[in-house]
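Colleague: This is the structure I want to talk about, given as structure tokens.
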Amino acid sequence: MYIVAIAWLYVVFMMSITEQSATAGVATFLLYGIFPLTVVLYLMGTPQRKRNRQKREKLKAAGQQQTDADDLMKSESIDEPASVQAPAQQDARAGRDHKN
């Protein structure tokens, strides 16, 4: 896609240097080259920008879900009564309590 854009700019540049005045040359380069090419490249890049935005949102949502899951697991391990906790956690807490 970019090779076509570069070729188009080359053609427009050649057109602009053959103009009668510098003002006409600059106007030709801007009006036939830069402005239309900017619009075309923007429009052709729209699908990729949309995919990038969706991917970012998906990663952000996955990261948020992971953070929520981590927070949930931390809060559950603290809030659970001793009878529901795993025996290893009970032993670890019991050992910690006796040391104090």
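Colleague: Pick from the stretch 1-16 the residues that are of a type outside the set (A, V, I, L, M, F, W, C) and over 30 Å from the mean Cα position of the chain (by Cα): which of them is farthest from Tyr42 (Cα to Cα)?
Modeller: Across the stretch 1-16, the extreme among qualifying residues is Ser16.
Colleague: Test of understanding: among Phe35, Phe29, which residue is within 30 Å of Trp8 (Cβ to Cβ), assigned to a helix (DSSP H, G or I), open to solvent by 100 Å² or more (accessible area, probe 1.4 Å) and at pLDDT 75 or above?
Modeller: Answer to the selection: Phe35.
Colleague: Right, Gln66: open to solvent by 60 Å² or more (accessible area, probe 1.4 Å) and assigned to a helix (DSSP H, G or I) or not?
Modeller: yes
The values are calculated or read from the model by the stated rules, or taken from the named source; none is laboratory data. If you're wondering where the values come from, they're calculated on a predicted model, not measured in any experiment. Quick reminder, even Gly has a Cβ in these numbers, built from the backbone with ideal geometry, and neighbours come from all protein chains shown. These area figures cover heavy atoms from the full protein model, side chains too; ligands, DNA and RNA do not enter into them. Shrake-Rupley method; radii C 1.70, N 1.55, O 1.52, S 1.80 Å.
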